[in-house]
Amino acid sequence: MVRPCFPQDRGHIGDGIIYCGVEDVSKLPAVAKPHDGHGQIARRRVPHDPLFADYDAAFRSHHGSTFATTGWGYEFYLPGYRFGYTLAAEEPNAARTFEQVEPRAREAFVGRHGDNDYTNHREAIRHGYEYHRQQLLRGGGM
């Protein structure tokens, strides 16, 4: 049974989903859906990737210059940055432009997050993809 978590029992609750109140949003790794229909923020636990952390400053900077006026914080766009970052590392994507991989990327992202989320996250996905792709083409790292 999936239930909201409370301050005393935060954590992973079945099927990769964590449910916590709004005050806990910044402590969780990535948004799965903005709301679960019960007024709770739903977040999907994602595997830790230490290399992704190396890109955090660049993605935060991009967020500040691109999305700052939207009213949505960095954490809202984090799934897009992470998705683009991961997509660039898949073979043979590093040799392809974002426009070449976008139809397949859109289908995969929409399958996980919904069509509105793709529209909202497209620029973050594109930036995550292009930024990581450039790093890979330069030799694989930061």
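The values are calculated or read from the model by the stated rules, or taken from the named source; none is laboratory data. Nothing here was measured: the structure is a model prediction, and the numbers come from that model. As a convention, Cβ positions derive from the backbone with ideal geometry for all residues, glycine included, and neighbour counts pool all protein chains shown. Keep in mind that these areas ignore ligands, DNA and RNA; they rest on the heavy atoms of the full protein, side chains included. Shrake-Rupley method; radii C 1.70, N 1.55, O 1.52, S 1.80 Å.
Structure data summary
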item: Accessible surface, the stretch 91-142, averaged per residue in Å² (probe 1.4 Å); result: 57
item: Separation of the Ala57 and Glu90 label points, Cα + 7 Å toward Cβ, nm; result: 3.0
item: Neighbour net charge for Arg106 - beta-carbon separation under 14 angstrom, K R +1, D E -1; result: -2
